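Novice: I'd like to ask you about the structure that follows.
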Amino acid sequence: MRAGLDKDPRDVARMFDTVAARYDLTNDVLSLGRDRQWRKRVVETVAPQRGERILDLAAGTGTSSAPFAEAGAHVVPCDFSIGMLEVGKQQYPGLDFTAGDGMRLPFADGVFDAVTISFGLRNIHDPLQGLRELLRVTRPGGRVVVCEFSTPTWKPFETVYSNYLMRALPPIARAVSSNPESYVYLAESIRSWPDQRGLAIRMTEAGWGPVTWQNLTGGIVAVHRAERPQ
């Protein structure tokens, strides 16, 4: 059974538990290897500094968190899927994996220099509340980087991409994923997500400062950046 688009947190957590074992492999196949470049751009945009405290929300198995640790920052990978965290701890035993709900983060106010979330904001039951929680745990002047699927900037390509999501993605997922039905949900959640400007508006509503974004792979993915006002 796949989680519905109302995103009941328990359903979504269970869904990610079922795909944890082959999650990174499946993402690599479905994105044709582009996910590595997307995550590299996230690290470049966060620009981690040695000694900084960084929260990586929806970190899953920690693949997105490891580069921050390699840069000398203290990174906290946080996710609400225990299955993901268990797989991640096996792969990266040195990281401080933490279980947490994006709408009620288990951290004090203003404790992080930077916060980031990649491909997870749309899976939070209330994304606006998730953005507010990220703001709460970030120090004044700290930064947020959100990497999320978005809307292709070239209309003909948008049509091709939409067809890929709903027609090609499920069969590919059946071949490589431990729970292919979950990827039907993920495809639907991508199609229902706001475009680049729409996400920027939500971030502003949550209290973040001026928001900028950069499109990757023709707008399939967008990386948004903002700071918490002083």
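Novice: Here are some residues: Leu25, Leu85, Leu55. Which one is modelled with pLDDT under 95 and out of contact with any Asp or Glu (no Cβ under 8 Å at 6 or more places or on another chain)? Show your work before the answer.
Specialist: Values: Leu85 fails: out of contact with any Asp or Glu (no Cβ under 8 Å at 6 or more places or on another chain); Leu55 fails: modelled with pLDDT under 95.
The match here is Leu25.
Novice: A further question on this structure: Since Trp208 meets every condition but one in (1) assigned to a loop (DSSP other than H, G, I, E, B); (2) in contact with an Asp or Glu (Cβ under 9 Å, 6 or more places away or on another chain); (3) at pLDDT below 95, which condition does it not meet?
Specialist: Trp208 satisfies every listed condition except (3).
Novice: To continue, here is another question. Quick check on my filter: what residues within segment 204-224 are in contact with a Leu (Cβ under 9 Å, 6 or more places away or on another chain) and under 11 Å from Glu148 (Cβ atoms)? Walk me through how you get there before you give the answer.
Specialist: At the first step, the residues of segment 204-224 found to be in contact with a Leu (Cβ under 9 Å, 6 or more places away or on another chain) are 205-208, 211, 213, 222-224.
Matches in segment 204-224: Trp213, Ala222, Val223, His224.
Novice: Still on this structure, please answer the following. Quick one: is Glu52 open to solvent by 10 Å² or more (accessible area, probe 1.4 Å), within 18 Å of Ala226 (Cβ to Cβ) and without any contact (Cβ under 8 Å) to a residue 24 or more places away in the chain?
Specialist: On the way: open to solvent by 10 Å² or more (accessible area, probe 1.4 Å): yes; within 18 Å of Ala226 (Cβ to Cβ): yes; without any contact (Cβ under 8 Å) to a residue 24 or more places away in the chain: no.
No: the conditions fail for Glu52.
Novice: Please indicate, with yes or no, whether at least one residue in segment 146-158 is among the hydrophobic types (A, V, I, L, M, F, W, C) and modelled with pLDDT of 90 or more.
Specialist: The first filter runs over segment 146-158 and keeps only residues among the hydrophobic types (A, V, I, L, M, F, W, C), leaving 146-147, 149, 154, 157.
Now drop any that are not modelled with pLDDT of 90 or more, which leaves 146-147.
Looking for residues that are among the hydrophobic types (A, V, I, L, M, F, W, C) and modelled with pLDDT of 90 or more, one finds at least one in segment 146-158, hence yes.
Residues are listed down the side, and each one gets a yes or a no for (1) closer than 26 Å to Val43 by Cα; (2) open to solvent by 20 Å² or more (accessible area, probe 1.4 Å); (3) modelled with pLDDT of 95 or more:
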position	(1), (2), (3)
Glu181	no, yes, no
Met203	yes, no, yes
Thr217	yes, yes, no
Val221	yes, no, no
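The values are calculated or read from the model by the stated rules, or taken from the named source; none is laboratory data. On a predicted model such as this, the values are computed, not experimentally measured, just so you know. Positions of Cβ are backbone-derived with ideal geometry, glycine not excepted, and every protein chain shown enters the neighbour counts. Quick note on the areas: whole protein, heavy atoms, side chains included, nothing else; ligands and nucleic acids left out. Shrake-Rupley method; radii C 1.70, N 1.55, O 1.52, S 1.80 Å.
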